[in-house]
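Below is one structure; the comments refer to it alone.
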Amino acid sequence: MVNKLEQLKKEAIKKIKDIKDLDALQILEKKYLGRKGELTAILRGIANLNIDDKKKIGSLSNEIKNEIKENFLKIKNIIESKGTDDSFIDVSLPGPIMARGHIHPLSKMIDDLDDLFSKMGFMVLDGPELESDYYNFSALNIPADHPARDMQDTFYIDYKNQANRQTKKINTEQKKDAFDMVMRTHTSPMQVRAMQKYGAPLRCVVPGRVFRNEATDATHDTTFDQLEGLMIGENISLANLSAVLKEVLKRLFDEELEVRIRPGYFPFVEPGLEFDVACTICKGAKCPACKHTGWLEMIGAGMVHPEVLKYGGIDPDKYSGFAFGIGLTRLAMMKHKIDDIRLFNSGDMKFLEQF
Ligand code: PHE
């Protein structure tokens, strides 16, 4: 009997060590210590023993029972602590899966163009989105009463009153900049700023966000991106403009683009041109993305107006230059065949996850 009891203890302790959960623990507890369990079964034979043996076996079986119980308790604590104890880290578990972000199609377009133009010797500049009326309009040959202002209506910020309200002192330089600040309607104000800062000769591009009061549709949004380009030097001509733009479009698009050049009017260039690109979405079949014309106005350009050169502090008798403004958002639409401009700023994940 002693042997049987020792055997039972050994076996029970060994099995208890392997227990992984509370269900298994309960089953084993019943098997060894339950009313119909193995220990009870052995002890049934005690009735046939003499008094001394009964005592001996009785206390041995109690010892064994307690020892087994202790082992059960220990493993129970371990199992339970795994559920609640924060300090327990199962390093073998896979970590939480993080969604990986990616570059927005517009940012990618800007990066690519910055890269292309840098290789062609252009500086990449950045300009203010809240611009003075002076740089956005007046210094670009668009005085206060010029009808071209109507085409580029925007948000006006009453800087003077705001400054007064906040009893801030504004210096003469700021006063000269005009009290009306505007959300810039194009990146062209950087033409004069760059000329004033760097003088001639000059090559620069300025990508950035611009703002207009628009009735939005598939090709118009109140906020969109442009890339301004400016090249000033001696004997710069339209031939240089055409060569630079064609080269850039060729490198940017994997497919050959059909381009149409026609006269265009902008008060700050003379002559002025517009570059249209054949709609890559409908291939000329006419769709909402090209206003049912088969063409998309993509680039405004021309030779910098002598008055504007003067505003920039550059002598128009010595230097000439070209300027262009690329509708970056429209370019991205054509590149990725996106038929609605409003998707770019929509924050729609279904749209963004495609890139
Ligand atoms: N700023 C003009 C626009 O937004 C584009 C342009 C830029 C035209 C440079 C000529 C020269 O429409």
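The values are calculated or read from the model by the stated rules, or taken from the named source; none is laboratory data. Note that the coordinates shown come from a computational prediction; the quantities given were computed from them, not determined experimentally. Heads up, the Cβs are rebuilt from the backbone with ideal geometry, glycines too, and the neighbour counts pull from every protein chain shown. Quick note on the areas: whole protein, heavy atoms, side chains included, nothing else; ligands and nucleic acids left out. Shrake-Rupley method; radii C 1.70, N 1.55, O 1.52, S 1.80 Å.
Counting 0.36 nm for each residue step from K10 to I97 and taking away their Cα separation leaves a gain of 26.8 nm. Taking 7 Å steps out from each Cα toward its Cβ at H292 and N213 produces label points 2.8 nm apart.
A simple packing score, the average count of other Cβ atoms within 10 Å per residue, orders the peptides 122-128, 19-25, 306-312 as 306-312, 122-128, 19-25, with the highest score first.
Converting phi to 3J(HN,Hα) with the Karplus coefficients 6.51, -1.76 and 1.60 and the offset θ = phi - 60°, the range 289-299 yields 5, 10, 6, 6, 10, x, 10, 10, 5, 10, 9 Hz in sequence order, with x at every glycine or proline. When the chain is described by a simple charge dipole with +1 on each Lys and Arg Cβ and -1 on each Asp and Glu Cβ, the residue from P105, M120, L273 located farthest towards its positive end is P105.
For the chain, the Cβ-based charge dipole about the Cα centre amounts to some 2500 debye (Lys, Arg positive; Asp, Glu negative; other atoms uncharged).
Taking every C-alpha pair closer than 8 Å and separated by at least 6 residues, the mean separation divided by the residue count of the chain gives a relative contact order of 15 percent.
Rounded to whole numbers, the Karplus 3J(HN,Hα) couplings from phi for the range 190-203 are 6, 4, 5, 4, 5, 4, 5, 7, 10, x, 10, x, 8, 9 Hz, using 6.51 cos²θ - 1.76 cosθ + 1.60 with θ = phi - 60°, and x at Gly and Pro. Only protein atoms count toward the accessible area here, which uses a 1.4 Å probe; on the range 1-125, the carbon and sulfur part of that area reaches 54 percent. The relative contact order of the range 1-88 comes to 39 percent, based on Cα pairs under 8 Å that sit 6 or more residues apart.
A Gaussian network model of the chain, with springs between Cα atoms under 10 Å, assigns the largest mean-square fluctuation among E80, E274, E214 to E80.
With only the Cα atoms considered, the chain has a convex hull volume of 269 Å³ per residue.
Packing around the peptides 94-100, 141-147, 68-74, taken as the average count of other Cβ atoms within 10 Å per residue, puts them in this order, highest first: 68-74, 141-147, 94-100. Mean separation of Cα pairs under 8 Å and 6 or more residues apart, divided by the residue count, gives the range 174-260 a relative contact order of 25 percent.
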